[in-house]
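The values are calculated or read from the model by the stated rules, or taken from the named source; none is laboratory data. Just so it is clear, the model here is predicted, and its values are computed rather than measured. Neighbour counts run over all protein chains shown; Cβ positions are idealised from the backbone, glycine included.
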Amino acid sequence: MNLGNLLAVYASLCKELGVPLRYPASPKAYNILANATDATLLAKAMEWAALNETCYGEIFNITNGDVFRWSQVFPQIAESFGIKCADPQTFSLVEAMQDKEPIWSQMVQKYGLIPNSLKDLANWPFGAFIFNVENDAFFDVNKARRFGFHEMYLDTSEEIVKLWSYLKEQKIVPM
């Protein structure tokens with residue numbers, strides 16, 4: 001359930017096809033408040049909880065610490081990929097990606113990428129679920145902070161760009 005990979009693959013496909021990046025859900029969903037969790041931050045939180053005796057039996061929400069709207073993030077994604085961002089439109093991301101494996105295979109060859117399938121890189125049903133949430137969806141992380149975990153201060157947009165740089169460096173996406 002890696003949304004960063006999914007967004008990188010989706011934007012890469014849009015760029016290759018010469019189409020703008022489009023949020024695949026309603027304008028309402030495009031404007032909700034949301035948050036995300038970087039995998040490295042989650043790993044740090046898991047280690048912290050495992051090694052901190054006061055955390056035994058407790059449940060914590062862990063996020064990057066910020067909130068965002070997809071309407072702010074999608075234009076930044078498009079810009080970082082050098083493509084236009086179109087208005088949101090409700091469509092099935094799963095159906096739209098069903099026939100894209102041959103295009104991805106061509107991209108793997110064309111750009112010298114590691115031969116991963118789309119299925120290995122992007123969980124389209126998960127993305128469709130996340131993008132179709134129409135109510136503010138963010139978690140209160142104050143309990144973890146009260147217990148002493150103070151690393152939730154990341155900027156999600158910046159973390160996504162860092163991830164894409166890594167994916168490009170590792171030859172997973174072309175960008």
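Tabulated results
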item	result
Residue within segment 27-45 that is within 14 Å of the chain's Cα centre (by Cα), under 13 Å from residue 3 (Cβ atoms) and among the charged types (D, E, K, R) present	yes
Residue tally, condition closer than 19 Å to residue 67 by Cβ, modelled with pLDDT of 95 or more and under 12 Å from the mean Cα position of the chain (by Cα), over segment 128-175	2
Unique match (being touching a helix residue (DSSP H, G or I) at 6+ places or on another chain (Cβ under 6 Å), surrounded by 15 or more Cβ atoms within 10 Å (Cβ to Cβ) and closer than 18 Å to residue 174 by Cα) among 81, 68, 60, 149	81
Test: residue in segment 8-20 that is touching a Ser or Thr at 6+ places or on another chain (Cβ under 7 Å) and modelled with pLDDT of 95 or more	no
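Residue-by-condition table, conditions (1) among the hydrophobic types (A, V, I, L, M, F, W, C); (2) surrounded by 19 or more Cβ atoms within 10 Å (Cβ to Cβ); (3) out of contact with any helix residue (DSSP H, G or I) (no Cβ under 6 Å at 6 or more places or on another chain):
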{"residue": "92", "(1), (2), (3)": "no, no, yes"}
{"residue": "113", "(1), (2), (3)": "yes, yes, yes"}
{"residue": "124", "(1), (2), (3)": "yes, yes, no"}
{"residue": "132", "(1), (2), (3)": "no, no, no"}
{"residue": "141", "(1), (2), (3)": "yes, yes, yes"}
